[in-house]
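S.K.: Here's a structure for you.
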Amino acid sequence: MVGHQWLPWANNRTQGAISVTSAKQEQEKTSSGCLRTRRKGACHRLYPVVALSALCLLLLGTCAALSALYTSASDSKPERKSLFDYQNMSDSYLTLTKAKNDLKKDNEILKEHRAWLEEKTKLLNRTSAKLKSMNLALRLERSELMEQTGNLTSMNIQLRQDHEQLVQRTSEQEEKELTMSQTIKALVSSNTQLGEEKGRLSEMNSLLRDELFQVREKNQELVEISDKFQGEIQNLSEKIGAFSKDDCERLREKVTQLREENQNLSTMLIRERQEAAEQEGSRAKEMEQMVADVGSANEAYHSLDLYCPVVNQTTKERMCKKCHDSWRLFETKCYYFSSRMLSWSSSRAWCRTQGGHLLIVNSEQEQNFIFDTSQELEQSSTRLWIGMTDAEEEGDWRWVDGSKVTSDAQMYWLSRPGMGAEPDDWKLDDPLGEDCGHIDTSENALKSWMDGSCEKPYRWICEKDV
């Protein structure tokens, strides 16, 4: 009975089974707890350690039991051993064997689970790689979108500025149109008044002509009366000798009276002639002023017909436009691009007859406009005269209004690599050199100015205010 005292679990199979089951449950709890944890790599390392620890514990327990049994067997007598003790040992061995087999099965299950976890890990790694690549692509797309957003923001700001400028120009244009409509009304009323004044002047002129004719007739009568008086005085002078002294006195008095009357008539005649001459001069001045006013009115109506033509003959309604036909509008000026070719001086004279002048470039925007428009209308020649020359002093380039071509505009001169820059005053074609400026639309917009011989025929560009 010594073995029963030292190894109570060997006498009770239920307790041994409970111990093994408890160890197994602890192992399963550990395994399930490990499986539930998020750190899968740590679980993979704990599986073999737990299994080996459990096997070691079982082996130690088995060795301890065998040692105790051996010690008990050596100390006790042989006759005290019973079949029941051997049966308990056999049952314990079977229990241990079963526990070992269960552990082997659990180990195989754990291996299968480990393989499954490795597959899942590989799948997660591939998914992580895909997610990283997608994240990188999204970052690149985000950077592109941010750049596009910045561009759109700058474009929006520019569009707002352009919109504000357009609104301002529209308001200015409305004010100009209002002013022009008022000017048109004033011209129409002025023309009506001029017509009425012309009628009154015509009537006054006819009346003055009649009065002048009457004055001339009266003057003629006075001349005849004066001649008659002179004849009578002559006759009286001849008859003086035949009369007595008293008669002579009476005749002298009469002659004196007649002379005074003649003098009065002459004075009156001279005064009337002066008044008639003054009236004739004032009438001539009035006629000249009237002719000038009519000419101004005709010119105003001519300009009115050019810029504000009648669009409805019934109501005489007019539609005003900023620039005349064949002229193009840019900002506050009208531009004419010729299709014919003339010399520089003839082109300048033609622009003057149209109320404008050869082109003066004041900004980069204006340079781009005239260059692009010239390219659109390009015909037989790519070169067009503009309003600058250095004919007065070589190298001192001036615009047609006398202003100096500033250094800011020097960037527009043509410069060819290896061939020098314009202006070069080339004298092989013209011994007098090249003293007039033109643009060449076959070059770059901001590198298109050249000097040329003023006598060469080119197309030209005129400009004038709206």
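S.K.: Can you sort Leu55, Leu207, Leu103 so the residue with the fewest Cβ neighbours within 10 Å comes first?
M.R.: Starting with the residue having the fewest Cβ neighbours, the order is Leu207, Leu55, Leu103.
S.K.: Quick check for me: using +1 on Lys/Arg Cβ and -1 on Asp/Glu Cβ, what's the dipole size of the range 334-466 about its Cα centre, in debye to the nearest 20?
M.R.: So the dipole magnitude of the range 334-466 works out to roughly 460 debye.
S.K.: Does the range 338-466 come out rounded, prolate or oblate, given a ≥ b ≥ c as the square roots of the eigenvalues of its C-alpha gyration tensor, rounded meaning a/c under 1.5 and, failing that, prolate meaning a/b above b/c?
M.R.: Here the range 338-466 falls in the rounded category.
S.K.: Please work out the FRET efficiency for the pair Ser326 and Glu392, using the Cβ-Cβ distance as r and a Förster radius of 45 Å; give the result to the nearest 0.05.
M.R.: Computed FRET efficiency for Ser326 and Glu392: 0.90.
S.K.: Among the listed pairs Lys228/Lys285; Lys185/Lys333; Lys185/Lys322; Lys105/Lys130, which have their C-alpha atoms separated by more than 26 angstrom in this model?
M.R.: Too far apart for the 26 Å limit: Lys228/Lys285; Lys105/Lys130.
A short reminder: the numbers here are calculations on the coordinates, not readings from a lab. Keep in mind that what you see is a predicted model, and the values were worked out from it rather than measured. Here Cβ is always computed from backbone atoms with ideal geometry, including for glycine, and neighbour counts include all displayed protein chains.
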